[in-house]
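Structure first, commentary second.
What follows draws every value from the coordinates through simple rules; no lab data is involved. Note that the structure is a prediction, hence the values are computed from the model and not measured. So basically every Cβ, Gly included, is an ideal-geometry build from the backbone, and we count neighbours across all protein chains shown.
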Amino acid sequence: MPMPPTIFRFDQLVYAEPFVEEGLVSFGPAAAYNDSKLSDAQRDNELRRSTALDPARRQIAVSLPGGQPQMLKNLLSIKVSYDIRDVTGHYLRYHILCCSLCDDTLFYNRFPVDCCITIHDQPEFQRRLDTALCAQLPNWGGFSRRVEYFSPDAVMSPETTLDLVFMKDADHAWQQEFRYVLISPLDQAHSNRAALRLGSLKDICSIATK
């Protein structure tokens, strides 16, 4: 899918100014988003994707190895969880920068923000981000794409763990998120914020206050 030419980031001005003037781009640890102090629009369990299947429309069969599958009956609910884990089995400690494909003023009501950064040239921003990542956090992986939203009763079939990273519940679909993700080598994994300095972005970004 083509990369969007323009994207938006809603933020507080105290953070937006260093973002544009210095290119200080800060990525939040995924685990930090599951925090009761956050607004409903912000809060999400970024280490697990969950769905609740309708037992009237779905069936589940169980069996022992080599045995005949038996249908489970009289189910009241079916909950399915997809954990986002690394190759060691631990939850993946990755970092996120959340942007949007729209500049909907609803963000001002649902998030504790007072301004919007417009990234006018997303491909150039991506190029500078990749350059800074290689120089400042060598061996880290950088990924970006549109978030895919799934319905509450979806049966998901992600091909990779990374696919799960870019999936969210449909309750968040109005945000039209475009997400940047950093994944560190296992021996450098941590749960603090991760930052990159890109240099001034004033030639490709602007700020509009609320």
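Taking the 0 to 90 degree range and rounding to the nearest ten, how far is the long axis of helix 122-136 tilted relative to the main principal axis of the chain, both from C-alpha atoms?
Result, in degrees: 90.
Using a 7 Å offset from the Cα along the Cα-to-Cβ direction at both GLN126 and ARG110, what is the distance between the two label points in nm, to one decimal?
2.4
Output the 0 to 90 degree angle, nearest 10, between the alpha-carbon long axis of helix 13-22 and the longest principal axis computed from the alpha carbons of the chain.
Between helix and principal axis, roughly 70 degrees.
In terms of Cα to Cα distance under 22 Å, which lysines are near enough to LYS210, apart from those fewer than 8 places away along the same chain?
By straight Cα distance, LYS210 reaches LYS202.
Once you treat every alpha carbon in the range 1-113 as an equal point and sum by Debye, what is log10 I(q)/I(0) at q = 0.13, 0.20 Å⁻¹?
Here log10 of I(q) over I(0) equals -0.77, -1.22.
Ignoring everything except DSSP H segments at least 4 long, calculate the 222 nm mean residue ellipticity for the chain; use -39,500 (n - 2.57) per segment, divide by total residues, nearest 500.
So the calculated ellipticity at 222 nm is -4500 deg cm²/dmol.
Show me the GluC sites (Glu not before Pro) within the range 107-203 that DSSP assigns to loop and that have at most 10 other Cβ atoms within 10 Å of their Cβ.
GLU159
D for the range 59-101, whole µm²/s, Stokes-Einstein with Kirkwood Rh over alpha-carbon pairs at 25 °C and 0.890 mPa s: what number?
Approximately 166 µm²/s, per Stokes-Einstein.
I need the per residue convex hull volume for the chain, using only the alpha carbons, in cubic angstrom as a whole number.
151
Can you give the direction-averaged projected area of the convex hull of the alpha-carbon atoms in the range 87-142, in nm²?
6.1
Please work out the C-alpha center-to-center distance from the range 157-210 to the range 78-124 and express it in whole Å.
Answer, in whole Å: 5.
Separation between the GLN12 and CYS102 pseudo-spin-labels, each 7 Å from Cα along Cα→Cβ, expressed in nm?
2.6
Give the residue list of trypsin sites (Lys or Arg not before Pro) in the range 1-101 that are DSSP loop and have at most 15 other beta-carbon atoms within 10 angstrom.
Passing both the DSSP loop test and the Cβ count: LYS37, ARG43, ARG57, ARG58, LYS73.
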